[in-house]
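Here's the structure we're looking at; comments come further down.
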Amino acid sequence: MPHTLYDKIWNDHLVHEQDDGTALLFVDRHLIHEVTSPQAFEGLRNSNRTVRQPSLTLAVADHNVPTTDRSKGISDQESKIQVETLEANCKEFGIKLFGMDDKRQGIVHVTGPEQGFTQPGTVIVCGDSHTATHGAFGSLAFGIGTSEVEHVLATQTLVQKKAKNFRINVNGKLPLGVTSKDVILQIIGKIGTAGGTGCVIEYAGDLIRSLSVEQRMTICNMTIEGGARAGLIEPDEKIFNYLKGRPMSPKGETWDKAVEVWSNLNSDNGSHFDKEVSLTAEEIIPMVTWGTSPQDVITIEGKVPNPNTEKDLDKKNSIERSLKYMGLKPDTLAKDIKIDKVFIGSCTNGRIEDLREAAKILKNKKKASHVHAMVVPGSGLVKQQAEQEGLDKIFINSGFEWREPGCSMCLAMNADKLKPEERCASTSNRNFEGRQGRGGRTHLVSPGMAAAAAISGNLDDVRKYQN
Amino acid sequence: MQKFISLKSIPTYLPLVNIDTDMIIPKQFLKTIKRTGLGKNLFFELRYDEKGKEIPDFILNKKPFCNSNILITGKNFGCGSSREHAPWALLDFGITCIISSSYADIFYNNCFKNGILPIVLNEDKIKEISEYSNRKEEISVNLADQKIIYGNNEISFEIDPFKKKCLLEGLDDIALSLEKSEKIKSFENKIKNQRPWIFND
């Protein structure tokens, strides 16, 4: 019987299966951070349990760390305790940690791939919903809660039920200035924020195959915004080349054997998908969100919806509520939306290619005077690479702040946040009410679109700044 | 884990769709290293104004709903972040049963790890039961029978048998999985042969 990529990874990790289909799944790779792990370690201690395979877990502090000068440590006491608790727990249980002063420190979903910890065909979990990012490598990667983090630490397994197979095909070529961020925003707009609930999404088609590894990560990253816990892509030569020589990648003969196994990770011809959706790349143009859910997307040429044209009462109420929160009038043109801040960073768009894309637009241009703009690289290594390429100078010359790596204003747990009613063009993944700060208004865009917005002072079409 | 067997309470009806976990418990409360004490910050931005004062119109600030154990709400409840702080905050507030037409997957799983029963009903039934919130009348939930009883009516709900058993008995699923240690061990040995790079540290 033909199997999908998801079926194959699932079958390869079955430790035990009950009659009712509940399975015990082996976890190859576990990433932890300071926010969702302390209670898990406390649970282990309370029940006198140990970490079964410390070498299969990797820790990094990211959510809570300051992105300004770190020489004086963390001034927020609660954040400081949380980061120190992670350090103490890793020491006690023998888990490898990239501390705040380590140049390998960064957002957990940037660090994992960068170190070669993320590998094809593996089951990867983390107490963070954006774990789907790693699916770009052909792994089954998904976010879990803290009780499940504790379960993985204690048993190196998870209790799971199999999800449905959902394939999204994107074929064709993207027009100039259109990126994988626009592709995933378009997909979420099409399937809705719960469209993938209960499913694992496989992204396929020649457009997906043509994307770079980092562009694929952006697509898989936002899978959760479409309700699916995991999104994955068949691994290929690009993935193997990306991983070769990374610190935690296999080496020598083991590398050859790994590539041989990885090369067979694909969905068989004729395998069954419970759901299937197709998009044409040529039809995708730069996207922005107007509302408070990632499904609230319009094109940069479009306008904000009018609730009076909506017949469904729940949807009408929902549009009205979002417009009120966002401080927008119905039928406003996207390009007429003035912004106060620009945030470039996050696990969605904080990697080197994202910074290059933004810098290309910003080169020899200044941000609008009323806009406050910042770049937060996804990791210390991304920051170092960007500085070697002189990207930091381009950003600084444009009037951007050049920060230390972390999650920063994607979720505003540290000091980086919006004030009430401030409006931000952001390369992050969520535009929920209060996500970037109480009363803050978020418009999700690609890095190039964020750069264009910074220059124009309003949401704008990146294509007009293409050289 | 606390067992869930049955419950009787005046339900709280919060008719919003796509309530995300940021809305259930905002990030500033994720800095805790404990599971408890989050109830006072549940739905923080809906419950308190910018000065931290209770918003009197918000349903959970009103009697009798401030003592409610059942939350009836719109579809796709608990979407977004995986934070288990969301069910911890609900539990700490006293909510141990949620009724919605759908849930986000991670949140749904997290509920069962904390003795919270998330019930799925169709939208028509939800509207019908929400009347009991408007009228401030109690409804009953019985997990063993998989029934909600309201007035002279009752309705059955579906639940995965294994999840039901764990809730009814308050089972520790780590202990259950550790009973399979031998199987895990032989699986690890198999990996060491077939995919040696997994343990290659």
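Using the Cβ atoms and a cut-off under 12 Å, what net charge is assigned to the surroundings of B:LEU176, where Lys and Arg are +1 and Asp and Glu are -1? Working shown, then result.
On the way: positive: B:LYS165, B:LYS180; negative: B:GLU169, B:ASP172, B:ASP173, B:GLU179.
Net charge in that neighbourhood comes out at -2.
Rounded to whole Hz and in sequence order, give me ³J(HN,Hα) for region B:131-148 from the Karplus expression 6.51 cos²θ - 1.76 cosθ + 1.60, θ = phi - 60°, writing x for Gly and Pro.
Karplus-based 3J(HN,Hα) across region B:131-148 equals 4, 6, 6, 4, 8, 6, 10, 6, 10, 10, 10, 10, 6, 4, 8, 6, 9, 10 Hz.
Tell me the label-point distance for the pair A:VAL261, B:LYS3, using the 7 Å Cα-to-Cβ offset, in nm and rounded to one decimal.
4.4
Looking at region B:94-111, which residues lose a minimum of 10 Å² of accessible area between their chain alone and all protein chains in place, measuring with a 1.4 Å probe and not counting ligands or nucleic acids?
SASA drop of 10 Å² or more in region B:94-111: B:TYR103, B:ASP105, B:ILE106, B:ASN109, B:ASN110.
Give the average, rounded to an integer, of partner chain Cβ atoms located within 10 angstrom of each Cβ in A:32-42. Walk me through the numbers on the way to the answer.
On the way: counts 0, 0, 3, 8, 6, 1, 5, 8, 1, 1, 3.
Per residue, the average neighbour count from other chains is 3.
Over region B:87-201, what is the relative contact order in percent, taking alpha-carbon pairs closer than 8 angstrom and at least six residues apart?
On the way: 96 pairs, mean separation 19.6, N = 115.
It rounds to 17 percent for region B:87-201.
Report relative contact order for chain B in percent, whole number only (criteria: Cα-Cα under 8 Å, sequence separation at least 6). Could you put the intermediate results ahead of the total?
Numbers: 350 pairs, mean separation 52.1, N = 201.
Once normalised by length, the contact order is 26 percent.
What are the residues whose amide H is under 5 Å from the amide H of A:ARG167, where those residues sit 5 or more places off or on another chain and H is modelled from the backbone?
A:GLU202, A:LYS275, A:GLU276, A:VAL277
Can you tell me which of B:142-148, A:7-13 comes out highest on packing, and rank the rest after it, using the mean Cβ neighbours within 10 Å? Don't skip to the answer; put the middle values down first.
Details: B:142-148: 15.1, A:7-13: 19.3.
Order by mean packing, descending: A:7-13, B:142-148.
How large a share of the accessible area of the protein assembly as shown, in percent, is made up of carbon and sulfur atoms when the probe is 1.4 Å and the other protein chains stay in place?
Details: 11600 of 24680 Å².
So the carbon and sulfur contribution to the accessible surface is 47 percent.
Which GluC sites (Glu not before Pro) in region B:94-193 pass both tests, a DSSP loop state and at most 12 other beta-carbon atoms within 10 Å?
On the way: sites: B:GLU123, B:GLU128, B:GLU131, B:GLU137, B:GLU138, B:GLU154, B:GLU158, B:GLU169, B:GLU179, B:GLU182, B:GLU188; in loops: B:GLU137, B:GLU138, B:GLU158, B:GLU179.
Qualifying residues, ordered by number: B:GLU137, B:GLU158, B:GLU179.
I'd like the Karplus ³J(HN,Hα) series for region A:153-165: coefficients 6.51, -1.76, 1.60, θ = phi - 60°, whole numbers in Hz, and an x wherever there's a Gly or Pro.
Calculated HN-Hα couplings, in order: 4, 6, 10, 6, 9, 9, 8, 9, 10, 5, 8, 7, 9 Hz.
Averaged over B:80-91, how many beta carbons belonging to a partner chain fall within 10 Å of each residue's beta carbon? Spell out each step's value before the answer.
Details: counts 10, 12, 17, 9, 11, 5, 1, 3, 4, 0, 0, 0.
Mean shielding count: 6.
Specify the inter-centroid distance of region A:425-460 and region A:273-326, based on alpha-carbon positions, in whole Å.
16
Which whole number gives the average, over all residues in A:147-159, of C-beta atoms from other chains lying within 10 Å of the residue C-beta? Could you put the intermediate results ahead of the total?
On the way: counts 12, 8, 2, 4, 7, 2, 1, 4, 9, 4, 7, 3, 10.
The shielding value for this peptide is 6.
Over chain A, calculate the relative contact order: mean separation of alpha carbon pairs under 8 Å at least 6 apart, over the residue count, as a percent. Let's see the in-between values first.
Values: 1112 pairs, mean separation 80.0, N = 467.
This gives 17 percent for chain A.
With Rg and the Kirkwood Rh both taken from Cα atoms, where does Rg over Rh land for the protein assembly as shown?
Numbers: Rg = 23.8 Å, Rh = 25.2 Å.
So for the protein assembly as shown, dividing Rg by the Kirkwood Rh gives 0.95.
Which percent of Cα pairs goes in each bin when the distances of region A:224-334 are cut into 5 angstrom slices starting at zero?
Spelled out per bin, shortest first, that is 2, 9, 12, 13, 11, 11, 10, 9, 8, 7, 5, 2, 0.
The values are calculated or read from the model by the stated rules, or taken from the named source; none is laboratory data. Values in this document were obtained by computation on a predicted structure and should not be read as measured data. Note: ideal-geometry Cβ built from the backbone for every residue, glycine included; neighbour counts use all protein chains shown. Surface accessibility is based on the protein's heavy atoms, side chains included, excluding ligands, DNA and RNA. Shrake-Rupley method; radii C 1.70, N 1.55, O 1.52, S 1.80 Å.
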